[in-house]
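Data first, discussion second: the structure below is written as structure tokens.
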Amino acid sequence: MNEHTPVNRELVVGIDGSAAALGALREGLRLAQALGCTVRVISAWSWPVGQGFVPGPPINWNPEADSLEILSDALAKVEVPKGVEVVTQSVYGDAADILIEASRHAEMVVTGSTGAGMARALFLGSVSTRVAQRAACPVLVWRPMASPLERVTPDEAGAELMLG
């Protein structure tokens, strides 16, 4: 065994309340059943930093409570396969950094293809891209299936990845 060999077979799923994250969770649960893994569902939270002219969050807003609600809502919307153990975790910090750290002890990390928003992705890079580039284990980026008419050619997909 090396430092990246999981002691307990675990599959990590990062969720943020988006539809893509819910799809990633469903896929992660399916894979965990096939691989005999526990599923660790992680929702990251942090306090947003205003940029001068941007108003701050409401005074009674609690991002940690939102993170816990995201976890609860997501698990209420999926069917956990028989024999699959699910562990949830709400963690303070940058989502990509948290998932990259979790990847050190996981068989696989599963994320959705889209999430927090375009503005954040422009400044920080998308979470799924950062995780795929730096994780210590395989990463599956779940993307909703397009209908045959909506599918793109490999060249178009490459351009989409470059731009988006």
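Tabulated data for the structure shown
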read-out: Selected residue (criterion: surrounded by the most Cβ atoms within 10 Å (Cβ to Cβ)) from residues of the stretch 108-152 that are at pLDDT 90 or above and part of a loop (DSSP other than H, G, I, E, B); value: Ala135
read-out: Any pair with Cβ under 6 angstrom, 6 or more apart, that starts in the stretch 61-80 at a residue that is closer than 27 Å to Arg30 by Cβ and ends at one that is β-branched (Val, Ile, Thr); value: Leu71/Thr88; Ala74/Ile15; Val80/Val86
read-out: Filtered residues of the stretch 91-107 (kept if in a helix (DSSP H, G or I) and touching a helix residue (DSSP H, G or I) at 6+ places or on another chain (Cβ under 9 Å)); value: Ala95, Ala96, Asp97, Leu99, Ile100, Ser103
read-out: Any hit, the stretch 63-73, residues being over 17 Å from Gly17 (Cβ atoms) and at pLDDT 80 or above; value: no
read-out: Some residue of the stretch 9-18 being over 17 Å from Trp142 (Cα atoms), surrounded by 12 or more Cβ atoms within 10 Å (Cβ to Cβ) and modelled with pLDDT of 95 or more; value: yes
read-out: Top-ranked residue of the stretch 79-114 - restricted to ones that are within 17 Å of Arg9 (Cβ to Cβ) and among the β-branched types (Val, Ile, Thr), ranked as nearest to the chain's Cα centre (by Cα); value: Val110
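Condition check ((1) assigned to a helix (DSSP H, G or I); (2) modelled with pLDDT of 95 or more; (3) out of contact with any strand residue (DSSP E or B) (no Cβ under 6 Å at 6 or more places or on another chain); (4) loosely packed, with under 13 Cβ neighbours inside 10 Å) across all residues:
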position: His4; (1), (2), (3), (4): no, no, yes, yes
position: Ala20; (1), (2), (3), (4): yes, no, no, no
position: Arg26; (1), (2), (3), (4): yes, yes, yes, no
position: Val39; (1), (2), (3), (4): no, yes, no, no
position: Ile42; (1), (2), (3), (4): no, yes, no, no
position: Gly50; (1), (2), (3), (4): no, no, yes, yes
position: Pro55; (1), (2), (3), (4): no, no, yes, yes
position: Asn60; (1), (2), (3), (4): no, no, yes, yes
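The values are calculated or read from the model by the stated rules, or taken from the named source; none is laboratory data. On a predicted model such as this, the values are computed, not experimentally measured, just so you know. No Cβ is skipped: glycine too gets one built from the backbone with ideal geometry, and neighbour counts run over all protein chains shown.
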